[in-house]
Amino acid sequence: MTRWLDDDEQRAWRAFMGASQLVQEELDRQLQRDSGMPHAYYAILVKLSEAPERMLRMSELAAELSSSQSRLSHAVARLEERGWVRREPCAADKRVSWAVLTERGLTVLAAAAPGHVEAVRQSLFDLLDPEQVRRLTEICTAVLDRAKAGGAGEPGRRKG
């Protein structure tokens, strides 16, 4: 039996979808305009910059970004062409490949970050008061926790 959304849930869902899309589009436009890269490339550079020795297994990077292996491989190939990332084979396991943030990539990320952070502030946080930020964090964390626990896609299952 389908559990249809009630009016409040429908309004919340549509507001969430519209706001999410708007913020993502604004961030993508800003990064393209100011740094010549899509938001997806920026996210890869950030994840690598935060990793030990600025390197992650390709499979781990894909999981961190909720990306398919093939989509990530294509993006990393574009970043390699720019000299921002390089791939290294794993000496211990030939099936494993590492993505490594280069010095040039770190420099590009450092240059892009201030404009990106300002765009995040303007498109989201400047519109919210501290209580709304707290609630947004709580809501998003609940959704992410469920996904990490393997609960996504299981109708009716709630953590509690």
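Taking each residue of segment 135-155 that is under 20 Å from L65 (Cβ atoms) and looking for partners that are part of a loop (DSSP other than H, G, I, E, B) and modelled with pLDDT of 90 or more with beta-carbon atoms closer than 6 Å, six or more apart or interchain, yields nothing.
Out of segment 31-45, which residues are within 15 Å of T107 (Cβ to Cβ) and either aromatic (F, W, Y) or in contact with a Phe, Trp or Tyr (Cβ under 6 Å, 6 or more places away or on another chain) (or both)? Matches in segment 31-45: Y41, Y42.
Inside segment 1-120, counting only helices (runs of 4 or more DSSP H) that do not spill past its ends, which hold 1 or more residues that are touching a residue at least 12 places away in the same chain (Cβ under 8 Å) and surrounded by fewer than 13 Cβ atoms within 10 Å (Cβ to Cβ)?
7-35
Looking for something at pLDDT 95 or above, closer than 24 Å to L144 by Cβ and in contact with a strand residue (DSSP E or B) (Cβ under 6 Å, 6 or more places away or on another chain) - is there at least one such residue anywhere in segment 84-99? Looking for residues that are at pLDDT 95 or above, closer than 24 Å to L144 by Cβ and in contact with a strand residue (DSSP E or B) (Cβ under 6 Å, 6 or more places away or on another chain), one finds at least one in segment 84-99, hence yes.
Being in contact with a Lys or Arg (Cβ under 8 Å, 6 or more places away or on another chain) and at pLDDT 60 or above is the filter; apply it to segment 141-155 and report the residue that is surrounded by the most Cβ atoms within 10 Å (Cβ to Cβ). Result: R146.
The values are calculated or read from the model by the stated rules, or taken from the named source; none is laboratory data. The shown structure was predicted, so the numbers you read here are calculated from the model rather than taken from an experiment. In this analysis, Cβ positions are derived from the backbone assuming ideal geometry, glycine residues included, and neighbour counts consider all displayed protein chains.
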